Structures are given as structure tokens and as C-alpha cells.
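The values are calculated or read from the model by the stated rules, or taken from the named source; none is laboratory data. All values reported here derive from a predicted model rather than from experimental measurement. Positions of Cβ are generated from backbone atoms using ideal geometry, with glycine treated the same way; all protein chains shown enter the neighbour counts.
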Amino acid sequence: MSIIQYDLTKIKAFIFDVDGVLSCQTIPLSSAGEPLRTANIQDGYALNLAVKNAYGVAIITGGNTQAVKIRYQSLGITDIYMKSAFKINDYRHYISKTGYTPEEIVYIGDDIPDYPVMREVGLPVAPADAAPEIKQIARYISPVKGGCGVARDVIRQVLIAQGKWMNEEAFGW
């Protein structure tokens, strides 16, 4: 049973920010000063399962590290927008490219750069540790912090609502 107050049978696509959503808010820096992101294994499983079940999955991040791109491409995600200075522009490019309507999209963001996109999608979601301004406009605030399984929480609820969580695609990589 879903705890998200939205008709989850409408959802056809998921869009994620990285820092503070798919990766923890606090990140170590390499000796060269490059941010090193975390990746939650259960999020990865859920992201891959969404791809295998033919959902649209996209990443829109202000970051620009090759490791992020490699990680999410390895899960089958092809729509990865890096160095996104104005996320709303990449969001609009994605929906024009795919034909999804705002009502069919979940966007998970945690901070001010995510605000404009979250105002346009049908189901804006925030991790438990999101900025207050983001929590104010979220239709669902996950009990899970960013980088700790928030993607799994949301994808699981959508796939359960659509009868795709424990389907044949679930049992393999």
C-alpha cells in the first residue's frame, strides 16, 4: 500500500537530482578537490528495475563528474544531464524529447536548484533532509534521507501500485 497521496498509476517517468538525493549531502573530496559521491545499492537496484520495466528514468544534476555518469549509465539510464545550471531547461528538453506529461513524472530534489522543476511536475518528492523550501512544495516527503534509499522508497511504491514490483524483471540483473 502506498503512503504517497497521488495516483501512482499515472507515473511513467522518474527524474532525479544527484547530490542530496541519490548521494548523501555530505561528500568527501579527492586530493584534487573533486567531489566523491556515495551511491546507495538499493537505489541502484530500484533504478535498474524501473529501466527494465520501461519507465523513463533521467538524471539532472549540477555536478559534472565522470563517476556519476558511469554509475547511472551502468544501470541503464541514458538521459543524464550534467552541469545543469538551470534544471528547468533540461527538464523541458526531456519532456519534449520523450512526450511525457508533467502528471506522469516524479521528480526527486532536495535543494533550491530543484525548485522550478518541482513546481512543474505532477509528483514532486523530497528526501527527509531536504531544504525547507523544497519540503514546502513536495507532495511527498520521504522518511528516508538523500543517499540512503529515497529513490528505492519512491520507485518501490510506484511499481507496487502498478503491479510491477515483484514481477519477472525483479529477479536478476
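Taken over the stretch 126-136, the criterion of being touching a strand residue (DSSP E or B) at 6+ places or on another chain (Cβ under 6 Å) and part of a helix (DSSP H, G or I) is satisfied by Ile134, Lys135.
The number of residues in the stretch 1-17 being more than 11 Å from Leu123 (Cα to Cα), of a type outside the set (D, E, K, R) and at pLDDT 95 or above comes to 2.
The lone criterion from (1) of a type outside the set (Ser, Thr, Tyr); (2) in contact with a Pro (Cβ under 8 Å, 6 or more places away or on another chain); (3) crowded, with 20+ Cβ neighbours inside 10 Å left unmet by Asn40 is number (2).
Can you confirm whether the stretch 162-172 contains a residue that is crowded, with 17+ Cβ neighbours inside 10 Å, in contact with a strand residue (DSSP E or B) (Cβ under 9 Å, 6 or more places away or on another chain) and not acidic (Asp, Glu)? Full working, then the answer.
Step one: filter the stretch 162-172 for residues crowded, with 17+ Cβ neighbours inside 10 Å, giving 164-165.
Retained after the next criterion (residues that are in contact with a strand residue (DSSP E or B) (Cβ under 9 Å, 6 or more places away or on another chain)): none.
Checked the stretch 162-172: no residue is crowded, with 17+ Cβ neighbours inside 10 Å, in contact with a strand residue (DSSP E or B) (Cβ under 9 Å, 6 or more places away or on another chain) and not acidic (Asp, Glu).
Of the residues that make up the stretch 83-103, is at least one in a strand (DSSP E or B) and over 22 Å from Lys12 (Cβ atoms)? So far as the stretch 83-103 goes, no, none of its residues is in a strand (DSSP E or B) and over 22 Å from Lys12 (Cβ atoms). Under the condition of being over 16 Å from Ser23 (Cβ atoms), of a type in the set (Ser, Thr, Tyr) and crowded, with 18+ Cβ neighbours inside 10 Å, the residues counted in the stretch 46-89 number 1.
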